[in-house]
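Any read-out appearing in this document is the output of simple, stated calculations on the displayed coordinates, not a laboratory observation. All figures in this text were calculated on a predicted structure; none of them were measured in a lab. Every residue, glycine as well, gets a Cβ built from its backbone with ideal geometry; the counts of neighbours run over all protein chains shown.
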């Protein structure tokens, strides 16, 4: 019977739960494994995988949009990008497939992995150091001993390959690429099927196949290599700044290297070759085909050519044999050049004369290298011949009957060489040479430059260059033991070269040069080291010496260079001298000191008195490891007195001298602008502290240039040491590119910045090697706010001006040797757009001011504007005097008509022509200006002064008198402060700082008038004479009418315009003598108006003519204000007597006591001109004559 406790005991269920848990765990693990592809596809996991891949490829990186994996299918990557260490994408594929599944990636890892890139763009670049960015990116996953094959396949992709030495990238529009990175030790193999679209026809094709073994040769050279290239009309392009070429490649090239032997064969053609560019001087080379067929091999040090044939339409070359010669088999090269064919293709490159057609002629080359029958070594010979040259130029037949030949024969062995024969023969050059290092080698040559110029000028376009003279050369070289000695001497008689750039003409009666050198010699006899060196060159007043000696203990070459030459600067002969002492070691070169000096020549062509020379001293050092040259200015050595150059370098740094197209230059300049002697536009010479920086960076296309010049405290200095500040700072700069070998300059930026505005622009300068052609343009932008403020500070507080920017341009051709004159082929335009100007109450309307240069002359456009509601017309021109001084001239065509006057205009401006208007009130009316001549100095020397001659025409100008007019009215007992009117013209003449006026008449009703003549300078000092006359009655009254007509009272006025002084005693004396003069005044001409009251009576020689004669500038004037001694310009209808004294006719009574004097005639002429201009002015306004 079962007990109750046994009946109630629970059953054990944990095994079941354990089984269930294990089943769940296994199921969960299975689900997790099955979910791995899903997990990998999640965004956060994609980012982690990309980051992990980038860390593995560091410093490169990888990027993709999506990665999909499968346990049983291939791995797929969308938008895969491989990024190099510089951040460039070298491979971009929209779709990439890896033939491994997730199981193969995690478990089996087969021996072969294939990566397929669909439509991939491959962009590979090779740097100047030789590094390839694609290989650098993949380097972390590449192995020298890989254990599995990695096969890369690019399908329907594109390829671009860039190289620092390729002008244009190599590219294929379509590319199928197979790259087999086989497991070691099997070789790497590749295949590229490339296509590139052509302008016409089907695509060009290029098939490149090859393989490379992994194991290098025993000597360290490359392992086995095979390369095969098949081209089917593959387009190619070469593009450089100075040359562009292109065509199509067709043919095969095969290269194989292995087991110390190299073999290469080629059968290729370049089809449709076209070339052009500045290197070909504008010629366009056009060749249907260029062919190359050859087969060569190398075994050991010997290259053997079974045959090499190069063919062009105008040249052929054939080479066979071995070099160095192997046994009795040598090498031979034969070539021929058809000169008519070459000349048809490249006439400008050959610099043939225009219209010259070469009809026949050839150049033949034969070179042989044979084993030496006399012993080990080679016998080398070269023979070049130019023969049968004939051409036609128009109807002229040209021939070169004497053949030009070059023949050289050498013997070369491992320990020595010898020159058996050297013969050069042309109609103008002969040279011979023979010998060996132990017995001595002698070379002699003669040259006839006159014959060369005569022979070549008919054939070659030498431009303006012409040469002449005869010269000779003798040289000797000899080895003694382990040393060599060499010396050479040359001499030229009657040497002359003309048409050179800048220098124009180089001419010397005799030029000699000698050179001596000694040093160590190699076993073959060639120079090995230099121990001592000396060179001396001498000519007419010039000398150059250079010496060097080897310090054997330090292995340093110490030397010195001295030079002296006579030059002409600013028309004065000067002697330029230079000295450099230096030491040349293995790691550096030092130069200390470097001294340059410029001394004036005392005597004919130089200057009258001696002066201290200008000197510059510095030191330099070249660091070979850094490839850097540094030159710095230093204090001159104490000694003889000297002065510094106006502008000189303070620091020059040059680097990259040994690199290809990678040089750099930095030069700092400093100086004193006052020492340059630049004219400050007639205000003295310019002064200021000058600083500058010039930088240049070279690349394959040319030089990137930048320059900046700053002038601080720019001012003008007068002859008395006075200083007028123009600007606190002025700077100028440019930035551009020099293309090719100094062929042209692209100026991206030109700028001049001043406190008053700026000039900006750019352009090109082409044909630098011949006659530079300019094409520059830009904008002139004045700072009108600053200019207006400056006008208000310097002239008057209420002055103002405004305007707008205006374009400028310069174009044309500069001559090879610029002179002092403006080139005729240069054209330019610059100007200001002046919108308004308000000064002294004068309001100038819109007035464009444009200056043009054309035909070697400077021209200023006529200016039409308004001034105080009047019409202003100016016709300025730039003229030169006979001493080369430059002036601004305005003639009779320039005029002002009907300008409105007011109190301010009369006080500030018109008071110089009519002093009675000073401080006058209630001024109203109109005024006109008729110019006779006006000259203003631009650059005519410090003593040059402006000169103006003209008439001021008053049109009913009414005013209440000021202090001067009030005093005059008081002296003559007239009613105080009447309303006065000016109606008559006033002749004005400005000489220097003095204004002369004549003809001012102030009517006092109808009964009297006051006339004022004389002068006032710019400091308002007065030197005037006032004349009072009573008008005669309208009806003729015997005796009385004549007395009133001819009787005048003259009063001198001195002092200043603010404080005039009228001599009262003189007035009383004039009234006292009035009665005594009445009888004399009965005789004389009648009156026809108030102006006739002041006509001088015949025979009156009292000094009253304050008006000096006018003469244009000639460059001989000693200074300002010499009146009465300068000849007047020719009078209308007659010739002036140059040098006549202005008052001579009055003093001598040249026309007798009863006739008019020359002075009276001149006064009558001036008055007639004034009245004519007044009538003309009224006619222009539509008013009837008075």
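Expressed as a fraction of 2.2 N^0.38 Å, the C-alpha radius of gyration for segment 39-177 is 1.10. Most tightly packed first, judged by the mean number of other beta-carbon atoms within 10 Å of their residues, the peptides 137-144, 666-673 read 666-673, 137-144.
What number results when the radius of gyration of segment 769-900, computed over Cα atoms, is divided by 2.2 N^0.38 Å?
Here the Cα radius of gyration is 1.27 times the empirical estimate.
Each peptide in 255-261, 377-383, 960-966 was scored by the mean count of other Cβ atoms within 10 Å over its residues; highest first, the order is 960-966, 377-383, 255-261.
Comparing Cα centroids, segment 312-374 and segment 746-807 end up 58 angstrom apart. Taken along the Cα-to-beta-carbon direction at a fixed 7 Å, the label points for residue 536 and residue 286 span 6.0 nm. With a Förster radius of 60 Å applied to the C-beta separation of residue 1054 and residue 770, the computed FRET efficiency comes to 0.35. Within segment 49-191, antiparallel bridges make up roughly 70 percent of the DSSP beta bridges whose residues both belong there. The value for segment 360-466 of Rg(Cα) / (2.2 N^0.38 Å) is 1.40.
Neighbouring Cβ atoms within 10 Å as the yardstick, rank 190, 44, 459 fewest first. With the fewest neighbours first, 190, 44, 459 line up as 44, 190, 459.
Here the average projected area of the convex hull drawn through the C-alpha atoms of segment 799-876 stands at 6.3 nm². When both segment 817-890 and segment 241-310 are represented by their alpha-carbon centers, they are found 63 Å apart.
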